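Visitor: Can you keep this structure in mind? I'll have questions shortly.
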Amino acid sequence: MKTEKIEEKLKKVQSEKRFNHTKGVQYTAICLAMRYDEDIEKASLAGLLHDSAKHLSDEKLLSLCAQNHVDITKTEEENPFLLHGKVGALIARKKFGIEDEDILNAITNHTTGRPGMSMLEKIVFVADYIEPSRNTAANLKQVRKMAFEDIDLTICKITSDTLNYLNKKKAAIDPMTRITHDYYMKESVINGEQ
Ligand code: DGI
Ligand code: FE
Ligand code: FE
């Protein structure tokens, strides 16, 4: 489906705030793609579609996973909003005809990240956190600048701030968020030494 048509359809189901965030992630992902030599069209589509399942209820997220034989972890079962990436990728494939696995992975992994992300996955993960309408996260000014300097170090910083925030809130932590943090901590040390 054409990008304009996808945008039109998302606008109909998303709240104004969510749609602004979606557009913000889309153009921030485009900027990061320019900086890191990634495909601009893929970054645009992945950004646009990353939260395409965010408006769905917990029940709907769980039932769509069951229907489509998507494996879910215990943390996801207890905190179904964590599934909006996996379900977003399902919607992107089935409803919007996206077949590119890299785009689908970027949507799937945008909340917790994962070790060994592709450049497109990293870009969507970071764009989701720094896009202009986000204003509550810690250290945003610093993270926004860092995103255009060292993307692995930025992922390390974002996951570290997220873990602190979740600890403070006493929210359930998806083990993958810590695994991603530890992986990119090592990655940035290795890259920093080169
Ligand atoms: O969908 P968005 O709000 O745009 O962004 P997102 O998909 O990154 O979700 C953001 C929320 O996800 C934010 O409040 C932090 C939270 N999050 C990230 N990792 C974890 C997590 N929440 C829980 N409970 N556990 C995690 O490991
Ligand atoms: Fe999200
Ligand atoms: Fe988002």
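Visitor: Could you please find all residues in region 149-194 being β-branched (Val, Ile, Thr) and crowded, with 17+ Cβ neighbours inside 10 Å?
Guide: Within region 149-194, 151, 154, 155, 158, 159, 162, 177, 180 qualify.
Visitor: Out of (1) within 16 Å of ligand 1 (Cβ to nearest atom); (2) out of contact with any His (no Cβ under 7 Å at 6 or more places or on another chain); (3) among the β-branched types (Val, Ile, Thr); (4) more than 18 Å from residue 108 (Cα to Cα), what's the single condition that is false for residue 3?
Guide: Of the numbered conditions (1) within 16 Å of ligand 1 (Cβ to nearest atom); (2) out of contact with any His (no Cβ under 7 Å at 6 or more places or on another chain); (3) among the β-branched types (Val, Ile, Thr); (4) more than 18 Å from residue 108 (Cα to Cα), the odd one out for residue 3 is (1).
Visitor: Still on this structure, please answer the following. Look through region 123-142, keep the residues that are in a helix (DSSP H, G or I) and more than 15 Å from ligand 3 (Cβ to nearest atom), and return whichever of them is surrounded by the fewest Cβ atoms within 10 Å (Cβ to Cβ).
Guide: 141
Visitor: Another question, if that's okay. If residue 45 satisfies every condition in (1) surrounded by fewer than 22 Cβ atoms within 10 Å (Cβ to Cβ); (2) away from ligand 2 (no atom under 15 Å from the Cβ); (3) not hydroxyl-bearing (Ser, Thr, Tyr) but one, which is the exception?
Guide: Only one criterion is unmet by residue 45, namely (1).
Visitor: Of the residues 51, 39, which single one is surrounded by 15 or more Cβ atoms within 10 Å (Cβ to Cβ), under 24 Å from residue 123 (Cβ atoms) and away from ligand 1 (no atom under 16 Å from the Cβ)?
Guide: Step by step, each of 51, 39 is checked, and only 39 is surrounded by 15 or more Cβ atoms within 10 Å (Cβ to Cβ), under 24 Å from residue 123 (Cβ atoms) and away from ligand 1 (no atom under 16 Å from the Cβ).
Visitor: Still on this structure, I have one more. Taking the stated definitions as given, is residue 19 in contact with a Lys or Arg (Cβ under 6 Å, 6 or more places away or on another chain), under 24 Å from residue 162 (Cα atoms) and aromatic (Phe, Trp, Tyr)?
Guide: So residue 19 fits the description; yes.
Visitor: With the structure loaded, tell me whether residue 125 is closer than 30 Å to residue 69 by Cβ, out of contact with any helix residue (DSSP H, G or I) (no Cβ under 6 Å at 6 or more places or on another chain) and of a type in the set (Phe, Trp, Tyr) or whether it fails that test. Break it down stepwise before answering.
Guide: On the way: closer than 30 Å to residue 69 by Cβ: yes; out of contact with any helix residue (DSSP H, G or I) (no Cβ under 6 Å at 6 or more places or on another chain): yes; of a type in the set (Phe, Trp, Tyr): yes.
Yes, satisfied.
Visitor: Would you check if there is a residue in region 71-81 being aromatic (Phe, Trp, Tyr), buried (at least 17 other Cβ atoms within 10 Å of the Cβ) and closer than 20 Å to residue 54 by Cα?
Guide: Among the residues of region 71-81, not one is aromatic (Phe, Trp, Tyr), buried (at least 17 other Cβ atoms within 10 Å of the Cβ) and closer than 20 Å to residue 54 by Cα, which makes the answer no.
Visitor: I want to confirm something. Restricting to region 95-116 and keeping residues that are of a type in the set (A, V, I, L, M, F, W, C) and surrounded by 23 or more Cβ atoms within 10 Å (Cβ to Cβ), which single residue is nearest to ligand 3 (Cβ to nearest atom)?
Guide: 107
Visitor: Restricting to region 151-181, name every residue that is more than 15 Å from residue 82 (Cα to Cα), within 16 Å of ligand 2 (Cβ to nearest atom) and either at pLDDT below 95 or more than 16 Å from the chain's Cα centre (by Cα) (or both).
Guide: Correct list: 165 only.
Visitor: Would you confirm whether any residue within region 143-166 is farther than 30 Å from residue 64 by Cα, in a loop (DSSP other than H, G, I, E, B) and either near ligand 1 (Cβ under 10 Å from one of its atoms) or without any contact (Cβ under 8 Å) to a residue 40 or more places away in the chain (or both)?
Guide: For region 143-166, residues farther than 30 Å from residue 64 by Cα, in a loop (DSSP other than H, G, I, E, B) and either near ligand 1 (Cβ under 10 Å from one of its atoms) or without any contact (Cβ under 8 Å) to a residue 40 or more places away in the chain (or both): present.
Visitor: Of all residues being part of a helix (DSSP H, G or I) and touching an Asp or Glu at 6+ places or on another chain (Cβ under 7 Å) in region 97-122, which is nearest to ligand 1 (Cβ to nearest atom)? Just the residue, please.
Guide: For region 97-122, the residue satisfying everything is 106.
The values are calculated or read from the model by the stated rules, or taken from the named source; none is laboratory data. Owing to the predicted nature of the structure, the values given are computational and were not obtained by experimental measurement. Virtual Cβ from ideal backbone geometry, glycine too; neighbours counted across all protein chains shown.
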